[in-house]
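The values are calculated or read from the model by the stated rules, or taken from the named source; none is laboratory data. Note that the coordinates shown come from a computational prediction; the quantities given were computed from them, not determined experimentally. A quick note on method: Cβ atoms are made from the backbone with ideal geometry, for glycine too, and the neighbour counts reach across all protein chains shown. Accessible surface areas use protein heavy atoms only, side chains included; no ligands, DNA or RNA. Shrake-Rupley method; radii C 1.70, N 1.55, O 1.52, S 1.80 Å.
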Amino acid sequence: MGKINLFMLFLIAPFIGLFVVSLEFQDESQYLKFPITVLAEEADKLYDEVGHLEESIANMGLVVESQKEVFHVQDEQISELSELSDSQRKLSDDIYEQKILNMLGPAVKAHISNRTEIKIFKLAELGYRGYIAKIKLFDPTALKVVLGKDQLGKLETTSSAAKRTNAILAINAGGFYTEKRNGKTYAQLIGNTVINGKLVEPFNGYPGDLFFAGINKKGQVIGTVPHTENDIMKLDPYQGVSFSPVLLENGKKAEISTKWKKTRHPRTIIGKYANDDLIVIVIDGRRDNWSIGISLERLQDKLLELGVKDAYNLDGGGSSAMYYDGKILNKPSDRRERPVVNNIVVMP
């Protein structure tokens, strides 16, 4: 019997162990119960927060869509204002253009391309005659300063320079004098000349009252009386020449030396209007039955009558010449063209 009971004890021992373990687990589970409850509560909070986040994101989406709509409306308004501004600017330009044309009178010749627009007008006043060219530069590279025969020291007529470069319009440009060098005639530029953005000779400030005038790289007329090379370069010059004097500055008469005010001579002028259109003028002189010339003082008055804003007196006298579309328009005072040191040419 004792052996049987011992055998039964060994047989049920595993079950007794499981029973004891289960009792211990039941006791220990009391300690696990609280963390599991907390975890559930935290999960509920996280779920609520995710819900709030989803709601916030949805609201943000509505705000973004609303802002997009606002930006779209604003963009349309800006576009409309820009178009209106462009339209008003064009209308203003057209009105200004018509005002200029009314002062200049009917054009006798005209040319237009994707690079330039040129209109030629006759100038006939009491005692003098000449020609005016009004130029719109759509492409600034269409206007160039060219040296005589493309060489320093050489001379060339305005018509020869125009034909050589295939230009449609040309005028004589800067001042010069001639001297002998090694037994040959050398034409020396006065002041400073810029071609394609570079001075063709080292800066020359002598005698101190010569202007530099031409166009910048945007095709706008520029000018100054330089005392240093930097005075020229800060204008971003593209093409330019030198002579004297300045005639108009910002729509007002510039001071002119008394010795030049009253004398009447042939003249060549370059200037600009407020809309940056260029104006070049050649006035004949020293020909009693045709034109006796104009004084610089009277020329200032005429330029103001024509609405010109800035103007510069280029080399004149026997040098004055205007070429257009194959021929010289004016009547040079020497009865023939004078070879000059440089010319301003405009491509078609």
Condition met for Leu278 (closer than 19 Å to Leu101 by Cβ, touching a residue at least 60 places away in the same chain (Cβ under 8 Å) and under 31 Å from the mean Cα position of the chain (by Cα)): yes
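Being without any contact (Cβ under 8 Å) to a residue 40 or more places away in the chain, at negative phi and not aliphatic (A, V, I, L, M) is the filter here, so list the residues in region 217-243 that pass it. Can you show your working first?
So the first thing to find is which residues in region 217-243 are without any contact (Cβ under 8 Å) to a residue 40 or more places away in the chain, and the list is 222, 224-231, 233-236.
Those still in the list that are at negative phi too: 222, 224-231, 233-235.
Selection gives Thr224, Pro226, His227, Thr228, Glu229, Asn230, Asp231, Lys234.
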Single residue of region 126-161 satisfying the filter (more than 30 Å from Glu305 (Cα to Cα) and hydrophobic (A, V, I, L, M, F, W, C)) that is surrounded by the most Cβ atoms within 10 Å (Cβ to Cβ): Ala161
Region 305-324: number of residues that are more than 18 Å from Asp209 (Cβ to Cβ), in contact with a strand residue (DSSP E or B) (Cβ under 7 Å, 6 or more places away or on another chain) and of a type outside the set (Val, Ile, Thr): 8
Which listed residue, of Leu189, Leu235, Leu248, is surrounded by 17 or more Cβ atoms within 10 Å (Cβ to Cβ), at pLDDT 95 or above and touching a helix residue (DSSP H, G or I) at 6+ places or on another chain (Cβ under 8 Å): Leu248
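Listed here are the residues, each with its yes/no results for (1) touching a Leu at 6+ places or on another chain (Cβ under 6 Å); (2) closer than 16 Å to Leu303 by Cβ; (3) without any contact (Cβ under 8 Å) to a residue 60 or more places away in the chain.
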site	(1), (2), (3)
Arg115	no, no, no
Phe121	yes, yes, yes
Gly130	yes, yes, no
Lys136	no, no, no
Asp139	no, no, no
Leu147	no, no, no
Gln151	no, no, yes
Gly219 small (Gly, Ala, Ser) and buried (at least 19 other Cβ atoms within 10 Å of the Cβ): yes
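Does Gly271 fit the bill of being open to solvent by 10 Å² or more (accessible area, probe 1.4 Å), assigned to a strand (DSSP E or B), under 17 Å from Ile171 (Cβ atoms) and of a type outside the set (Asp, Glu)?
So Gly271 fails the test.
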Hits in region 99-125 (condition: assigned to a helix (DSSP H, G or I) and surrounded by 17 or more Cβ atoms within 10 Å (Cβ to Cβ)): Ile100, Leu104
Enumeration of residues in region 322-342 that are closer than 15 Å to Ala167 by Cβ and under 30 Å from the mean Cα position of the chain (by Cα): Met322, Tyr323, Tyr324, Asp325, Asn342
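Of all residues in region 117-134, which are of a type in the set (A, V, I, L, M) and over 17 Å from His265 (Cα atoms)?
Filtering region 117-134 down to residues of a type in the set (A, V, I, L, M) leaves 118, 120, 123-124, 126, 132-133.
Result: Ile118, Ile120, Ala133.
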